[in-house]
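Mind looking over this structure? Questions follow.
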Amino acid sequence: MSRSSAKPPSRPSREWTLPTPDEDIKSHPIPVAGFIGALTAALFGLIITFLIVITAWLIAAHGDESVNQVAAASGVAWLGLQLVPVSIGGHALGLLPWGFIIIPIFLTWRGMHWSLKSAEPKTANEFWQTAIFFSVSYGLVSATVAAFASTTDLNVNVIDAALRSTILALCVAVACVLTFAPSKSLLIDSLPASIANGIRPGILAFLFLIVAGGLLCSASLIIHFNELTAVFKLMTPQALDGFFLMLLCLGYIPTAFVWAMAFVIGPGINVGGSTVLSVTQTHTGALPAFPLFSILPSSAQTWMSLLVLVPIAAGIVLYFLLPREHWSAQGPGFTKVMRKLATPSELITVSVAVAVTAGCVFLVSVASSGPLGTQLLKFVGPSPVMLAGTTAFILGVVATILLLVPRFLLGLFYLWQHRGASSEGDGN
């Protein structure tokens, strides 16, 4: 058979963009490469954390702790960077400064890159195998650190350490694998168009909400600047202590953004049950002296009711980002016109976009809520389920209204223009 008469394939075969060869990196089997990359990322993270902790311990006032105790505390702190809950003196610390998660993300990214170059995967399955071996190995290393670093006064759960670290490493590894693939990732290519079309609008709508929360948080920082500085002076009479407290506050900046987002969306946040802050209800109880709490509004303001427009605007943004199919009113009779207001694929795309936004909101709210101790701090932050559910409801209603109402009105106008034909269609 001649080449011109050969039938072209129904779908072009995928060509992987392989890692750039590096002569300094020795080739290893996939399991070995994944383990070495994960171990290296974990060791660098532990070293960096140890240097930070021991520097703070040497400079600041400290007791008679040994270097071994400081090393154990560094291991627990390293796990805390990955949002593994820490128990201090029997009190759970689940609301962690997750702004520092950028450190393990960067190190696991570099470790996964090394594993890909060492394993030299050739097929899609080999790429995913490398990612899985890397993630599982990283989780096992974290579990080992949790087992050896935990003490009676300062400890973490081994299962939590393994599970959360594996999830973090897997997310980074998947993103790393996709950077070695063509512009369209395997995950997107394998999905139906009605589902794939909703992913990007959902993520952008979530970013819209986060930016809105960040702007509100920044405005609150400016308004409550005097209270903020007063708390700083109260907690840190010395400049060096103030520096470390400032670093801690920087780690909590993403938490403050999510709190502001929760306030804008509606459910708001709770601080131990004594303080409830939302657009519809503002009740401030006794709060511990911490700079993060000083930016919370002390009373309801009339302008706060206008913040309900922000999630509505997010729903509008989501709708206009969705790819919509061509629609025109047609068919005799009211029933036939109304049945064609939206296709099933359009409704699926809207649902996927809303679900993606709600899912992202749920994840960041989980990272931004939890215990900070007991009594007033037994739970701090937004309710992840309530916040995600409210987000899905508002965005879903707004996007659905924008999709169906204009078509409904155009359908009525079409029926009015063709009322004679409509009557005949109904008669049939």
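The values are calculated or read from the model by the stated rules, or taken from the named source; none is laboratory data. Everything quoted here is computed from the prediction, not taken from an experiment. With ideal geometry, Cβ positions are generated from the backbone for all residues, glycine too; neighbour counts draw on all protein chains shown.
Can A124 be described as over 23 Å from T55 (Cβ atoms), of a type in the set (A, V, I, L, M) and without any contact (Cβ under 8 Å) to a residue 40 or more places away in the chain?
No: the conditions fail for A124.
Among the residues that make up region 179-195, is at least one of them within 30 Å of S142 (Cβ to Cβ) and at pLDDT 80 or above?
For region 179-195, residues within 30 Å of S142 (Cβ to Cβ) and at pLDDT 80 or above: absent.
Taking the options P384, P344, name whichever one is touching a Ser or Thr at 6+ places or on another chain (Cβ under 9 Å) and modelled with pLDDT of 85 or more.
Answer to the check: P384.
Something else about it: Just wondering, is there one or more residues in region 282-297 that are in contact with a Leu (Cβ under 9 Å, 6 or more places away or on another chain), under 26 Å from T400 (Cα atoms), at pLDDT below 90 and buried (at least 18 other Cβ atoms within 10 Å of the Cβ)?
no
I'm trying to understand the selection: among the residues of region 75-114, which are outside any loop (DSSP other than H, G, I, E, B), of a type in the set (G, A, S) and out of contact with any strand residue (DSSP E or B) (no Cβ under 7 Å at 6 or more places or on another chain)?
G75, A77, A92, G99, G111
Quick check on my filter: what residues within region 368-391 are part of a helix (DSSP H, G or I) and either buried (at least 19 other Cβ atoms within 10 Å of the Cβ) or of a type in the set (D, E, K, R) (or both)?
Once the filter is applied, which keeps residues that are part of a helix (DSSP H, G or I) and either buried (at least 19 other Cβ atoms within 10 Å of the Cβ) or of a type in the set (D, E, K, R) (or both), region 368-391 yields L377, P384, L387, A388, T390, T391.
Could you figure out which of (1) free of Cβ contacts under 8 Å to residues at least 40 places away in the same chain; (2) farther than 30 Å from V317 by Cα; (3) not hydroxyl-bearing (S, T, Y) isn't true of A219?
It is condition (2) that A219 fails.
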